[in-house]
Amino acid sequence: MTKTSGGSPLVLVVDDFEDNRAMYVEYLQFQGFRVAEAVNGLEAVERTHELSPVVIVMDLSLPVMDGWEATRRIKADARTKHIRVIALTGHAEAAHAKKALDAGCDDFVAKPCLPENLLAKIREHLPASPKVAVRSAVVRDAKKQKGRT
């Protein structure tokens, strides 16, 4: 499923458990993101090439091709190596986090993870937006003005 709306960032959610995917997809869509889904690592690689998401939320224990291998393939391809990959997995041990980072993941989040915590992590990996920078400057200037009166 892909939500199509304007220039909002596209996030690819990769998880073989439908309930997990649905929870994150619905929450991210509610927050204004376009969202696509994949159910295994091979599909994640294919969808990444097809859609060029800004961020991929990648479960690591997946059928067909695991998330570690899918991430290695995404990061090895010049067309997709810039895409941020956040590992989201029940493998919470430090060794698994290291293995995920070694495979090319840009960050690691252990399940269970509340949707708002995942959202915060995704936002950390979004490229800076000129609109956000302008909005921040306007707010900062307004606060300065308020402090002077």
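Data overview
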item: Extended-chain gain in nm, criterion 0.36 nm per residue less alpha-carbon gap, Phe17 and Lys111; result: 32.6 nm
item: Segment 10-148, relative contact order in percent, only Cα pairs under 8 angstrom and at least six apart counted; result: 20
item: Neighbour-count ranking [beta-carbon atoms within 10 angstrom, fewest first] of Ile83, Ile56; result: Ile83, Ile56
item: Reciprocal mean inverse distance between Cα atoms of segment 10-148 - Kirkwood radius, Å; result: 15.7
item: Peptides 48-55, 107-114 ordered by average Cβ neighbours within 10 Å, highest first; result: 48-55, 107-114
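Each reported figure results from applying straightforward, stated rules to the coordinates on display, with no laboratory input. Source: prediction; values computed, not measured. We place every Cβ from the backbone using ideal geometry, glycine too, and count neighbours over all the protein chains shown.
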